[in-house]
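Visitor: Quick one: the structure is below, and I'll ask about it shortly.
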Amino acid sequence: MNIKNCKIVNLPKIQDPRGNLTFIEGGNHVPFDIKRVYYLYDVPGGAERGGHAHKELSQLIVAMSGSFDVLLDDGAQKIKFHLNRSYNGLYVCPMIWRELDNFSSGSVCMVLASNYYDESDYYRIYNDFIKDLKKK
Ligand code: TYD
């Protein structure tokens with residue numbers, strides 16, 4: 001998959017003096033049915049997350065609070081995104097290596113995923129990911 005398929009999705013934002021509201025609909029704002037939600041929180045300063053790619057999984061990454069960087073790599077090109085708005089999501093298609101770092105204090109990273117957790121869907125070794133990309 002090409003990194004050009006990955007992009008920032010502008011999510012709906014209902015502005016209200018009582019507080020803003022954003023919603024995400026599977027199949028509408030993200031091009032998949034949402035099967036799983038997980039979130040990273042209490043991330044210590046300087047920590048790095050990710051460091052893997054997925055064979056089939058599609059995801060939307062949202063900075064629910066605070067900010068962090070996401071580096072995407074399709075084996076040919078790398079793009080760094082800074083996420084800091086809870087009404088923006090980063091869509092990540094399958095076969096993209098990702099690294100997350102530069103988490104601000106108190107940040108929360110929510111991830112919507114197209115499937116349940118499955119360790120066999122992961123590439124955790126960069127060279128294995130690159131080798132399989134070359135086979136395709
Ligand atoms: P991992 O996906 O490597 O975390 P990150 O990409 O955010 O750095 O997962 C870390 C651990 O948590 C690993 O042992 C697998 C487990 N895990 C689950 O059990 N279920 C899940 O939905 C996720 C995302 C991870």
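The values are calculated or read from the model by the stated rules, or taken from the named source; none is laboratory data. None of these values were measured; they are calculated from a predicted model. Using ideal geometry, Cβ is built from the backbone for each residue, glycine included, and neighbour counts are taken over all protein chains shown. We work out accessible area using only protein heavy atoms, side chains counted, and drop any ligands, DNA or RNA first. Shrake-Rupley method; radii C 1.70, N 1.55, O 1.52, S 1.80 Å.
Visitor: Could you check the spin-label model distance between A76 and Y38? Points 7 Å from the Cα along Cα→Cβ, value in nm.
Guide: Placing both labels 7 Å along Cα→Cβ, they lie 3.0 nm apart.
Visitor: Per q in 0.21 Å⁻¹, report the Debye log10 I(q)/I(0) for the chain, using one uniform scatterer on each alpha carbon and no solvent.
Guide: Values returned for q = 0.21 Å⁻¹ are -1.36.
Visitor: Could you size up the charge dipole of the chain around its Cα centre, putting +1 on the beta carbon of Lys and Arg and -1 on that of Asp and Glu, and report it in debye to the nearest 20?
Guide: Working: 17 positive and 16 negative charges, 76 e Å.
My answer is approximately 360 debye.
Visitor: Roughly speaking, what is the centre-to-centre gap between the range 76-92 and the range 1-64 when only Cα atoms are used, to the nearest Å?
Guide: Each part's Cα centre sits 9 Å from the other's.
Visitor: Further question: For the range 17-96, what does the alpha-carbon gyration tensor say about shape, rounded, prolate or oblate, given a ≥ b ≥ c as the root eigenvalues, a/c under 1.5 as rounded, and a/b over b/c as prolate? All intermediate terms of the calculation are to be shown ahead of the outcome.
Guide: On the way: a/c = 1.83, a/b = 1.18, b/c = 1.55.
Here the range 17-96 falls in the oblate category.
Visitor: Rounded to the nearest 5, what % of DSSP beta bridges with both residues in the chain are antiparallel? Present the calculation step by step, with values, prior to reporting the outcome.
Guide: Working: 37 of 38 bridges.
Beta bridges within the chain, antiparallel portion: roughly 95 percent.
Visitor: Does the range 59-135 classify as rounded, prolate or oblate by the C-alpha gyration tensor (a ≥ b ≥ c root eigenvalues; a/c under 1.5 gives rounded; else a/b over b/c gives prolate, otherwise oblate)? Display every interim value, and only then the final one.
Guide: Details: a/c = 2.26, a/b = 1.68, b/c = 1.34.
Prolate is the answer for the range 59-135, as a/c is 1.5 or above and a/b outweighs b/c.
Visitor: Here's something else I'd like to know. Would you please name the chymotrypsin sites (Phe, Trp or Tyr not before Pro) within the range 1-92 that are DSSP coil residues with at most 11 other C-beta atoms within 10 Å of their C-beta? Before the final figure, lay out the partial values.
Guide: On the way: sites: F23, F32, Y38, Y39, Y41, F68, F81, Y87, Y91; in loops: F23, F32, Y41, Y87.
Answer in residue order: F23.
Visitor: Then there's this: Considering only protein heavy atoms and a 1.4 Å probe, what is the carbon-and-sulfur percentage of the accessible area of the chain?
Guide: Heavy-atom surface of the chain belonging to carbon and sulfur, 1.4 Å probe: 47 percent.
Visitor: Rolling a 1.4 angstrom probe over the protein heavy atoms, how many square angstrom per residue are accessible across the range 3-135?
Guide: Numbers: 7530 Å² over 133 residues.
So the range 3-135 comes to 57 Å² accessible per residue, rounded to a whole number.
Visitor: While we're looking at this one, here's another question. Counting each DSSP H run of 4 or more residues in the chain as -39500 (n - 2.57), what helix-only mean residue ellipticity at 222 nm follows after dividing by all residues, to the nearest 500 deg cm²/dmol? Write down the numbers at each step before the final one.
Guide: Values: 1 runs with 10 residues, N = 136.
Value at 222 nm, helices only, nearest 500: -2000 deg cm²/dmol.
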